[in-house]
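Peer 1: After the structure tokens below, expect a handful of questions from me.
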Amino acid sequence: MAEKKALGKLLIDSGIITDEQLTMALDQQRISKKRLGEVLVDLNIVTERQILEVLEYQLKIPFFDLNKFEIDEECPLLINEAMARRHQILPVNRENNELIVAMTDPLNLQALDDVRIFTGMSVKPIMATQQDVLSSIDRFYSREDAEKAVEDFKKEIDFAQISESDNEALSDVSNAPVVRLVNSVIQHAIRSRASDIHIEPFDKHLRIRFRVDGELLEIMKSAKAAHAAIVTRIKIMGKMDIAEKRVPQDGRVEMSLDGKDVDLRISILPTVYGEKIVIRLLGRSDLVMSKEQLGFSESNIVLFDGIIKSTNGIILVTGPTGSGKTTTLYAVLRELNKVNKNIITVEDPVEYRLEGINQVQVNTKAGLTFANGLRSILRQDPDIIMIGEIRDGETAQIAVRAAITGHLVLSTMHTNDSASTVSRLVDMGVEPYLVSSSVVGVTAQRLLRRICPECKISYQSDRAEMDVLRLREPITLYKGAGCSNCNHTGYRGRIAIHEIMQVTSQIRDLIDKRASIDHIRNVAVKQGSTSLRENSVELVRKGVTTIDELLKVTYSIE
């Protein structure tokens, strides 16, 4: 209690809080069992930054931004993860025999004593925000856990004695090494914000890569001999046939980590060196976002709102795999989800369960395809129908019939831009007059990586960049220098760019006349549509993303 009173006294002496506020916080602290600083922040009496500034001034303990601090990768491993999480501390560097420890509460003398006894080194505290410390703990210990699990697996399993018949035994729940190895890799991926895990066998080694913000990063290499046990364990998790190794297999598993529910979609593909595994990680909270969070510009929100207010017709979201189409559709469904509307979806797979919406999972083996599911849905008195993807002519025809009979249909397609979606539907066998009378709007989208806010730097544009942006004079642009917060890539997170085409009477006439894609696109631009490239140019000029991202994502659609 002495250290808690000390923090309260420091804040009172600094004029940040009053005696009454401290008393209220201490009463709440006795109930919640949290530290006083956390309670004060939870009650919105002070900010975490205010507390750290007072402590920095009063105690002469420096405050550091860990995202800009060069952490010695060996130092966090001088203590164990349990101690780091219990005290919210992280060793970040050392000077001779003195260990520099970042902590959220420098008044926690017990934490300093524990580190001093555990490491046998003298300890020098520095302060950092709780978010920075916890994210750094996630980054360092999840990777260390995965690497340690690999080493333990090597030590405990005699690869020379493993036969094909032993693979199932190796992957049994009671067998700690391979279970811990697979779990550690998945946890490391989730904490690294990865969207996919790639486990790839080669001639002499096993490579593990994560896709983070759309880019693949190599995480580790392991002995090839570990591959068979890993594959078998993952097949068991995904309820797949462990004896079948000649054909591709798909599976799914749900798990929870750090209080977050995550769906794992597993794909296994036979290659010349063995079965390759790709695990798609779907964080359910990431799929429920508003239009503003998705990156819609103000002008595009106006266009998009005009489309989704339609009471019937087809609304399409297009783009390549992994461009966020499903996330956009879920944002629309969440907005349209009212008690007076009967909304039914048919998806493969159902990526997020929405309260109040009837969702149907495609089951091809049982004969439940998009087309069959859609026929049944039309007998369920729907107001709004969402089809996960229009993949074939049969599904397209049924969707069109649903739209022209008074239903609002939402779906996705794989096309390069909004105008080319029209020709794709015609290619699928839908007559132009049916396309023009059923489609009310098309949104094409892509994802661009955001510049990391922690290492963002400015520079003057050169001649080549001015040509790309169609500028006459140099302007200030931005890029990421690379830091521990972004794995030294210069990017953290992604933002969507959109091209929205409303199917107006003029565009309907062009569709009926089988006008060219270019002609339809030009008319859409005159009516207010902003191209994907123009949308990305705007984000570059605002300092949200870089020229490199603009060229990489929009080069092929210019």
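Peer 1: Just one of Thr443, Thr395, Thr476 is over 30 Å from Asp132 (Cα atoms), among the polar types (S, T, N, Q) and more than 25 Å from the chain's Cα centre (by Cα); which is it?
Peer 2: On inspection, the qualifying residue turns out to be Thr395.
Peer 1: Give me the residue from region 52-85 that is outside any loop (DSSP other than H, G, I, E, B) and without any contact (Cβ under 8 Å) to a residue 12 or more places away in the chain and, out of that set, surrounded by the fewest Cβ atoms within 10 Å (Cβ to Cβ).
Peer 2: Result: Ala82.
Peer 1: Criterion first (outside any loop (DSSP other than H, G, I, E, B), under 32 Å from the mean Cα position of the chain (by Cα) and on the phi < 0 side of the Ramachandran plot) does Ser436 satisfy it?
Peer 2: Here the answer is no, as Ser436 does not meet what is asked.
Peer 1: Now for a separate question. Within region 485-516, work out how many residues are crowded, with 21+ Cβ neighbours inside 10 Å and among the hydroxyl-bearing types (Ser, Thr, Tyr).
Peer 2: 1
Peer 1: Does Gly324 satisfy the condition of being within 24 Å of the chain's Cα centre (by Cα) and touching a residue at least 40 places away in the same chain (Cβ under 8 Å)?
Peer 2: yes
Peer 1: Mind listing just one residue for me: the one in region 242-262 that is closer than 16 Å to Glu275 by Cβ and among the small types (Gly, Ala, Ser) and, of those, most open to solvent (accessible area, probe 1.4 Å)?
Peer 2: Residue satisfying both the conditions and the ranking: Ala243.
Peer 1: Hey, could you check region 94-127 for residues that are closer than 20 Å to Tyr57 by Cα, of a type outside the set (A, V, I, L, M, F, W, C) and in a strand (DSSP E or B) and say which is most open to solvent (accessible area, probe 1.4 Å)?
Peer 2: Result: Lys124.
Peer 1: Looking at this structure, is Ile451 β-branched (Val, Ile, Thr), surrounded by fewer than 19 Cβ atoms within 10 Å (Cβ to Cβ) and closer than 22 Å to Leu532 by Cα?
Peer 2: no
Peer 1: Can Gly543 be described as among the small types (Gly, Ala, Ser), in contact with a Phe, Trp or Tyr (Cβ under 8 Å, 6 or more places away or on another chain), farther than 25 Å from Thr415 by Cβ and open to solvent by less than 40 Å² (accessible area, probe 1.4 Å)?
Peer 2: Here the answer is yes, as Gly543 does meet what is asked.
Peer 1: Could you go through region 150-160 and let me know if any residue there is closer than 23 Å to Lys245 by Cα, at pLDDT 85 or above and assigned to a helix (DSSP H, G or I).
Peer 2: no
Peer 1: Take the residues in region 39-51 that are in a helix (DSSP H, G or I) and at pLDDT 80 or above, then tell me which one is farthest from Leu109 (Cα to Cα).
Peer 2: Among residues in region 39-51 that are in a helix (DSSP H, G or I) and at pLDDT 80 or above, the one farthest from Leu109 (Cα to Cα) is Asp42.
Peer 1: Using the structure shown, decide if Val133 is within 19 Å of Asn67 (Cβ to Cβ), at pLDDT 65 or above and touching a Ser or Thr at 6+ places or on another chain (Cβ under 6 Å).
Peer 2: Here the answer is yes, as Val133 does meet what is asked.
Peer 1: Would you please name the residue that is least open to solvent (accessible area, probe 1.4 Å), looking only at residues in region 357-378 that are modelled with pLDDT under 90 and in a loop (DSSP other than H, G, I, E, B)?
Peer 2: Checking each candidate, the answer is Val362.
Peer 1: State yes or no: is Val442 modelled with pLDDT of 90 or more and assigned to a strand (DSSP E or B)?
Peer 2: Yes, satisfied.
Peer 1: Identify all residues within region 505-547 that are free of Cβ contacts under 8 Å to residues at least 12 places away in the same chain and within 19 Å of Arg494 (Cα to Cα); write none if there are none.
Peer 2: Correct list: Glu534, Lys542.
Peer 1: Show the residue pairs meeting these rules: Cβ distance below 6 Å; 6+ apart or different chains; first residue within region 263-281 and open to solvent by 50 Å² or more (accessible area, probe 1.4 Å); second residue of a type in the set (Lys, Arg) and at pLDDT 95 or above.
Peer 2: Pairs found: Leu269/Lys276.
Peer 1: Hey, another quick one. Looking at region 28-37 only, could you name the residues that are touching a residue at least 24 places away in the same chain (Cβ under 8 Å) and in a helix (DSSP H, G or I)?
Peer 2: Gln29, Leu36, Gly37 - these are the residues of region 28-37 that are touching a residue at least 24 places away in the same chain (Cβ under 8 Å) and in a helix (DSSP H, G or I).
Peer 1: Test of understanding: among Lys221, Lys239, Lys204, which residue is under 13 Å from Val185 (Cα atoms) and surrounded by fewer than 20 Cβ atoms within 10 Å (Cβ to Cβ)?
Peer 2: Unique residue meeting the criteria: Lys221.
Peer 1: Please work out which residue is nearest to Asp250 (Cα to Cα), limiting yourself to region 307-356 and to residues that are open to solvent by 10 Å² or more (accessible area, probe 1.4 Å) and of a type in the set (Asp, Glu).
Peer 2: Applying the filter and picking the extreme gives Asp348.
Peer 1: I'd like the full set of residues that are assigned to a loop (DSSP other than H, G, I, E, B) and closer than 12 Å to Lys456 by Cβ, limited to region 472-497.
Peer 2: Those that are assigned to a loop (DSSP other than H, G, I, E, B) and closer than 12 Å to Lys456 by Cβ: Ala481, Gly482, Cys483, Gly490.
The values are calculated or read from the model by the stated rules, or taken from the named source; none is laboratory data. Just so we're clear, the structure is a prediction, and the values are computed from it rather than from any experiment. Quick reminder, even Gly has a Cβ in these numbers, built from the backbone with ideal geometry, and neighbours come from all protein chains shown. Quick note on the areas: whole protein, heavy atoms, side chains included, nothing else; ligands and nucleic acids left out. Shrake-Rupley method; radii C 1.70, N 1.55, O 1.52, S 1.80 Å.
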